[in-house]
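Heads up: the structure comes next, in structure tokens.
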Ligand code: C2O
Ligand code: CU
């Protein structure tokens, strides 16, 4: 668009008239779109194992797994254009964020899938500070497993002082032991109907031998994220001492000393603040406990440094979460059924009731409230601002980490106390637990097991907020 001095439109711009306002805004809007940083979903090669081992073909955001970290201040806007250079449809879900439903990234529920060669602009305000993540939500049991995930850190305006602040993305991979290529048996029926796809190597930030040099006495904020699609990581520390400060991005009301072990289900996060207490010349560890053996999930070789123990960190500032009103809550239920060893009488799928056999022949093994897969009807429905009190009942022989999009919930503990805010909650076999949350943001919010093979095989529904 070109116009000369003296053109009426130009005068209107200078005068700040109504026409001028429209003209003045258009180029600014365009600039914002052009300025959006691109997240390119594409094939890449990464080296997961040390010592000249062959590289592994992955699907990545921007060429690495995990994706380059996104770090922004609370209150900023996240503006990213997903460009799909994969041979398949994809999308990005922003896990744990309170955002407009249209930005939530669930094909078939909140947006069209992004076709090969296509793009989609994600643009929303970051209301809460904390450790979040983003990952594909198209055939996620395959795409997240192939590497389409990364961490999103939203920084508090005022955070307790630490010497270093870093994300540790914990993952496991099922690789062919010779070629080190990803095993292509995605969605095999055994994984789907049992504990999901467990890998044979574990990585931290994309390295099986992750190591970071530290100093004795150094204070670290470690933001742990379990990006695996099935594995529950049972973790512990050695030569590091400190506190769990936040879970699933939300600060705890009081820091909790890190105990012997703690569990991160797929999708969950824990922010730790720890001091290096191992001696200079030794190593500190993040330990992965597995069947009675401890493995080094991350090593921290200790250089010199002082030994002085420091006082407990100050609290993380709470996020502006809408407080649930349990007394005035709308009741809801979530019943989990199916899978190996228990099964179920049958479930609704594609609009009609089917028995276990017929469901299995369609790759469906699980159901939520008697429905396998994303049904026509919501699992629950509530008005924006309303408190929901939901009873979740795991009638299966497997643990499940249930994730509600766009919301955090609190468990109702004995005596009526409320547990920490969580966006992904773990229920062991035969457990029943009650939670409350405030429905917020009209739209369709996915509600599913974050063992992503289970979601694919039926444990995937949605909550409606009106
Ligand atoms: Cu992190 Cu619907 O998922
Ligand atoms: Cu599950």
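We did not get these values from a lab; they are worked out from the coordinates using the rules stated. Every value quoted in this text rests on a predicted model; they were computed, and no experiment measured them. No Cβ is skipped: glycine too gets one built from the backbone with ideal geometry, and neighbour counts run over all protein chains shown.
Shown is the FRET efficiency for residue 178 and residue 289, computed with R0 = 41 Å from the Cβ-Cβ distance and rounded to the nearest 0.05: 0.90. Let me make sure I get this right: for region 37-154, a, b and c are the square roots of the gyration tensor eigenvalues over alpha carbons, sorted descending. Under 1.5 in a/c it's rounded, otherwise prolate if a/b > b/c, else oblate. Which is it? Oblate shape, in that a/c is at least 1.5 and b/c is the bigger or equal ratio. Estimated from the Cβ-Cβ distance and a Förster radius of 41 angstrom, the FRET efficiency linking residue 165 and residue 430 is about 0.55. Spatial offset of region 409-426 relative to region 376-397 amounts to 15 Å, using the alpha carbon center of each. A crude spin-label estimate for the pair residue 418 and residue 376, with each label 7 Å from Cα along the Cβ direction, gives 3.6 nm. Neighbour counts of other Cβ atoms within 10 Å put 163, 128 in the fewest-to-most order 163, 128.
The fewest-to-most ranking of 303, 352 by surrounding Cβ atoms within 10 Å reads 352, 303.
Hey, fewest Cβ within 10 Å first, where do 384, 91, 361, 193 land in order?
Ordered by Cβ neighbours within 10 Å, fewest first: 361, 384, 193, 91.
Model label sites at residue 341 and residue 125, defined 7 Å from Cα along the beta-carbon direction, differ in position by 4.7 nm. For the chain, averaging the sequence separation of C-alpha pairs within contact (under 8 Å, six or more residues apart) and dividing by the residue count gives a relative contact order of 13 percent.
Estimated at 0.36 nm per residue, the fully extended path between residue 158 and residue 207 surpasses their Cα-Cα distance by 14.5 nm.
Of interest is the spacing of the C-alpha centroids, which for region 243-263 and region 64-125 amounts to 28 Å. Taken as Cα centroids, region 298-345 and region 431-466 sit 17 Å apart, rounded to the nearest whole angstrom.
Report the gain in length on full extension from residue 356 to residue 238: 0.36 nm times residue separation, minus Cα-Cα distance, nm rounded to one decimal. Length gained, residue 356 through residue 238: 37.9 nm. When only Cα pairs below 8 angstrom with a gap of at least 6 residues are kept, region 164-305 shows a relative contact order of 28 percent. Counted over the chain with a bin width of 20 Å, the fraction of Cα pairs per bin, in whole percents, is 23, 55, 19, 3, 0. Of all DSSP beta bridges confined to the chain, the antiparallel ones make up roughly 75%.
Here the convex hull built on the C-alpha positions of region 233-390 has a volume of 177 cubic angstrom per residue.
Eigenvalues of the Cα gyration tensor times 5, then square-rooted: what semi-axes does that give for region 326-465, in whole angstrom, largest first?
26, 17, 12
Normalised by the residues of region 326-465, what does the relative contact order come to in percent, with Cα pairs under 8 Å and at least six apart? Relative contact order, region 326-465: 30 percent. Label point 7 Å out from residue 55 along Cα-to-Cβ: which residues of region 192-213 have amide N under 13 Å? Backbone N within reach: none found.
Taking the helices alone, the chain has a mean residue ellipticity at 222 nm of -3000 deg cm²/dmol, built from -39,500 (n - 2.57) per DSSP H run of at least 4 residues and averaged over all its residues. Distance between the 7 Å Cα→Cβ label points at residue 253 and residue 411: 1.5 nm.
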